[in-house]
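Written out below as structure tokens is the structure these notes cover.
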Amino acid sequence: MATIDLNKSTIRELNEKLQGGSTGDKFIVNNTVGKHALSVGLTKEVDVEINGHVGYYCAGMNQEASIKINGNAGPGLAENMMSGEVRVTGNASQYAAATAHGGLLVIEGDASSRCGISMKGVNIVVGGNIGHMSAFMAQSGSLVVCGDAGDALGDSIYETKIYVRGKVKSLGTDCVEKDMKKEHKEELAKLLDKAQMNYAVDEFKRYGSARKLYNFDIDQVDEY
């Protein structure tokens, strides 16, 4: 196990060392003090534990790696993640997992606005609340919210499934509440288990696309 102290190493040196790791390697990163772009572009099955708060774009473009942040995360956490797992023990700022294609993002605290914007296959589990415009234009994957959701949830959503345990302030354009069928309860149970969130699936409601915006219709022009 290698320990990297950011009081002694630069961010470039950190990322080069992590990117050069081999499958099964484990790293501990200390003294982050909110620095940006930590642990980005990893492409191997390495374990990274970051002790402290992180700034912009931590764990961006992650592939295969398992990254745990013991603290809060700034904007753009796990942006464009492809696979692997990213976990934050605190809160995350805006547009977490934007455009992410795969993998699992777990935010144990709250997430700010635009969580999961344009998500393309990632699974996101938030232990607390999420802010406005979350899952805007979300295309695929699942967003699980164990707390409340802000305004315009799922605006212009495609095939992403949204599960919310608490209250939804408002739904965005073309997002509606949907039935919780057996397959949805099974999927939700697996995601909660993997995220280590101890909630009953029957406490959640499901939201998704009404599919009115898939094709342009002049009679619905006011909806666009």
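Considering each residue of the range 7-30, count those that are part of a loop (DSSP other than H, G, I, E, B), surrounded by fewer than 16 Cβ atoms within 10 Å (Cβ to Cβ) and either in contact with a Leu (Cβ under 9 Å, 6 or more places away or on another chain) or touching a residue at least 60 places away in the same chain (Cβ under 8 Å) (or both), and give that number.
0
Would the range 155-165 turn up any residue that is assigned to a loop (DSSP other than H, G, I, E, B), modelled with pLDDT of 95 or more and farther than 14 Å from GLY208 by Cβ?
Looking through the range 155-165, at least one residue is assigned to a loop (DSSP other than H, G, I, E, B), modelled with pLDDT of 95 or more and farther than 14 Å from GLY208 by Cβ.
Name the residue that is nearest to the chain's Cα centre (by Cα), counting only residues in the range 167-212 that are of a type in the set (D, E, K, R) and on the phi > 0 side of the Ramachandran plot.
Filtering first and then ranking leaves ASP174.
Scan the range 89-99 and tell me whether some residue there is aliphatic (A, V, I, L, M), touching a Leu at 6+ places or on another chain (Cβ under 6 Å) and over 30 Å from ASP155 (Cβ atoms).
Looking for residues that are aliphatic (A, V, I, L, M), touching a Leu at 6+ places or on another chain (Cβ under 6 Å) and over 30 Å from ASP155 (Cβ atoms), one finds none in the range 89-99, hence no.
Filter the range 31-55 for residues that are of a type in the set (Ser, Thr, Tyr) and in contact with a Leu (Cβ under 9 Å, 6 or more places away or on another chain); which is nearest to GLY76 (Cα to Cα)?
Applying the filter and picking the extreme gives SER39.
Could you please find all residues in the range 164-193 being in contact with an Asp or Glu (Cβ under 6 Å, 6 or more places away or on another chain), crowded, with 18+ Cβ neighbours inside 10 Å and farther than 16 Å from ILE124 by Cα?
Correct list: GLY172 only.
Can we say GLY116 is modelled with pLDDT of 95 or more and either touching a strand residue (DSSP E or B) at 6+ places or on another chain (Cβ under 6 Å) or surrounded by 24 or more Cβ atoms within 10 Å (Cβ to Cβ) (or both)?
Judged against the criteria, GLY116 is a match.
Criterion first (surrounded by fewer than 19 Cβ atoms within 10 Å (Cβ to Cβ), of a type outside the set (Gly, Ala, Ser) and touching a residue at least 60 places away in the same chain (Cβ under 8 Å)) does GLN196 satisfy it?
Details: surrounded by fewer than 19 Cβ atoms within 10 Å (Cβ to Cβ): yes; of a type outside the set (Gly, Ala, Ser): yes; touching a residue at least 60 places away in the same chain (Cβ under 8 Å): yes.
Against the criterion (surrounded by fewer than 19 Cβ atoms within 10 Å (Cβ to Cβ), of a type outside the set (Gly, Ala, Ser) and touching a residue at least 60 places away in the same chain (Cβ under 8 Å)), GLN196 qualifies.
Within the range 32-49, which residues are on the phi > 0 side of the Ramachandran plot, touching a strand residue (DSSP E or B) at 6+ places or on another chain (Cβ under 7 Å) and crowded, with 17+ Cβ neighbours inside 10 Å?
Kept after step one, since they are on the phi > 0 side of the Ramachandran plot, are these residues of the range 32-49: 33-34, 37, 39, 41.
So of that shortlist, the ones also touching a strand residue (DSSP E or B) at 6+ places or on another chain (Cβ under 7 Å) come out as 34, 39.
The answer is SER39, and nothing else.
Testing LEU42 on (1) assigned to a strand (DSSP E or B); (2) within 29 Å of VAL145 (Cβ to Cβ); (3) in contact with a helix residue (DSSP H, G or I) (Cβ under 7 Å, 6 or more places away or on another chain), one condition comes back false. Which one is that?
Status for LEU42: all satisfied but (1).
Could you list, in sequence order, the residues of the range 50-73 that are in contact with a strand residue (DSSP E or B) (Cβ under 7 Å, 6 or more places away or on another chain) and either crowded, with 21+ Cβ neighbours inside 10 Å or β-branched (Val, Ile, Thr) (or both)?
ILE50, VAL54, CYS58, ALA59, ASN62, ALA65, ILE67, ILE69, ALA73
Keeping to the range 32-58, report how many residues are among the aliphatic types (A, V, I, L, M) and without any contact (Cβ under 8 Å) to a residue 24 or more places away in the chain.
2
Strands (runs of 3 or more DSSP E) wholly in the range 47-143 with at least 3 residues that are farther than 19 Å from ASN15 by Cα - which ones?
104-107, 120-126
The values are calculated or read from the model by the stated rules, or taken from the named source; none is laboratory data. Everything quoted here is computed from the prediction, not taken from an experiment. Note that we place each Cβ from the backbone using ideal geometry, even for glycine, and neighbour counts take in every protein chain shown.
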